[in-house]
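Before any comments, here is the structure.
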Amino acid sequence: MNKNIKLAVAGAVLALSASANAGIIIPAGEWTLDVNGNVNAFANFTKHKGSGATIDGGLVAGKQAHEDTAVGINTGLLPSWLGFTGTTRQNDTDVSFTISMQPNVSDNAAHGDAKTPLFRQSFVTFGDKSWGSFKLGKDLGIFAGDAILNDMTLLGVGGVGGSGGTSGQSTTLGGIGSGYIYPSWKGQIAYTTPNFNGFQATVGITNPNQTAAAAGAATGASLYQDRFGVEAKASYAFAQDNFSGKLWASGATYDVTTTTTVAYTASVADLGLNLNAGNVGVTGYYYSGEGVGTTSFGANGATAAGSKRDSDGGYIQATYILPTKTKVGLAYGISKLDIATGDATTLVKDNERITLGLYHPLTKHLNLVAEYNDTSSKNHANAERDARTGSLGAILFF
């Protein structure tokens, strides 16, 4: 992979997991402070087509009665980011903390002051390469984390969601809901093993109230939960000359209680593979679950009576780096949701996306991005909506 593209992807991973190459390094006594992040913005132009029928859980909104085109200037899939990571080694133990904020550019208020910063990370880690490490605090979820980190639209826009290209949304969707379930940012206590010649595993408990509310469905953790959520993953990374890759699998299970009489277990597993040979990169991903719904974990996962709905999906993408150093990518993703007994046919059947992207490293840290995304939503009566979005913008890592 081209060096400049590597730096951009490393910056994206750094912003999400604080585990990649450093940003701005500041020595501070026994500590080393790493200030890192990104700023990005995109002009989006969306054309809406299709049915005005209800699609519960669909990513594509119906077009407005007076206008079928929407525009906006938005943050992309990766939020604009300012992160602070402090590291030190004491008593033969590596210790670190990470705190970050996300002051996105998306804002639909008249004076531009409506969007408050998000705070998606606040955690401490400690450990050693000989026995592994522990993480305590809020960070990206373990399940499906690799799905979003390997999504090429992390540097761009992907699916825009909602009403299309209009401003006011915190971020766009990328491949969330059209290829994978959003891993979300969760309070967690997790253990990661040492790296055994490329193999590594993580297991953790998370805050139990993770399932999302959905109209007409079980609303998630509205009552007390009797156990933590459990998430885990295992991965194997390898590299030889110009060939490298990573194979991973992850899963999650949560107990969901919505009323005194309705309770069920939501569970899901996935499998992914990323391969890179010279200038060519290929990624494939698949997930399957019960009671986890689609897009957000638990959204439309069950009926109001607690009957679980099955769901599955995945994405495949291929990239190639041209002699101009421009990275060209083509991706297809789909997320499907089955109906349960008694469900209305207005429930979403699938959300589907095709992305064509160009990602050009203008400098070592600055990438220019152009994308075309065709996203469609269909219900179980086969009514369909479509949103076609063109995006132009830039993303800067530091």
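Residue by residue, here is whether (1) surrounded by fewer than 17 Cβ atoms within 10 Å (Cβ to Cβ); (2) of a type outside the set (S, T, N, Q); (3) not in a strand (DSSP E or B) holds:
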| residue | (1), (2), (3) |
| --- | --- |
| ARG353 | no, yes, no |
| ASN373 | no, no, no |
| SER376 | no, no, no |
| ALA381 | yes, yes, yes |
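Taken together, the residues in region 320-335 that are in a strand (DSSP E or B) and either over 20 Å from THR375 (Cα atoms) or modelled with pLDDT under 95 (or both) amount to 3. THR193 meets the stated requirement of being at pLDDT 65 or above, surrounded by fewer than 23 Cβ atoms within 10 Å (Cβ to Cβ), over 25 Å from GLY313 (Cα atoms) and of a type outside the set (A, V, I, L, M).
Restricting attention to region 125-146, the residues being under 25 Å from GLY251 (Cβ atoms) and assigned to a strand (DSSP E or B) number 11.
The set of residues in region 60-95 being surrounded by fewer than 21 Cβ atoms within 10 Å (Cβ to Cβ) and under 30 Å from GLY132 (Cβ atoms) consists of LEU82, PHE84, GLY86, THR87, THR88, ARG89, GLN90, ASN91, ASP92, THR93, ASP94, VAL95.
Tell me yes or no: at least one residue of region 59-76 is at pLDDT 90 or above, outside any strand (DSSP E or B) and in contact with a Leu (Cβ under 8 Å, 6 or more places away or on another chain). Yes, some residue in region 59-76 is at pLDDT 90 or above, outside any strand (DSSP E or B) and in contact with a Leu (Cβ under 8 Å, 6 or more places away or on another chain).
Within region 332-344, can one find any residue that is within 19 Å of ASN382 (Cβ to Cβ), surrounded by fewer than 24 Cβ atoms within 10 Å (Cβ to Cβ) and without any contact (Cβ under 8 Å) to a residue 40 or more places away in the chain? There is at least one residue in region 332-344 that is within 19 Å of ASN382 (Cβ to Cβ), surrounded by fewer than 24 Cβ atoms within 10 Å (Cβ to Cβ) and without any contact (Cβ under 8 Å) to a residue 40 or more places away in the chain. Can you spot a residue in region 287-303 that is surrounded by fewer than 16 Cβ atoms within 10 Å (Cβ to Cβ) and within 18 Å of the chain's Cα centre (by Cα)? Checked region 287-303: no residue is surrounded by fewer than 16 Cβ atoms within 10 Å (Cβ to Cβ) and within 18 Å of the chain's Cα centre (by Cα).
Scanning region 77-86 for residues that are out of contact with any helix residue (DSSP H, G or I) (no Cβ under 7 Å at 6 or more places or on another chain) and part of a loop (DSSP other than H, G, I, E, B) yields PRO79, SER80. Only a single criterion out of (1) touching a Ser or Thr at 6+ places or on another chain (Cβ under 8 Å); (2) assigned to a strand (DSSP E or B) is not satisfied by ILE339, namely (2).
The values are calculated or read from the model by the stated rules, or taken from the named source; none is laboratory data. Remember, it's a predicted structure, so these values are computed and weren't measured experimentally. Because the Cβ atoms are built from the backbone with ideal geometry, glycine has one as well, and the counts that use them run over all protein chains shown.
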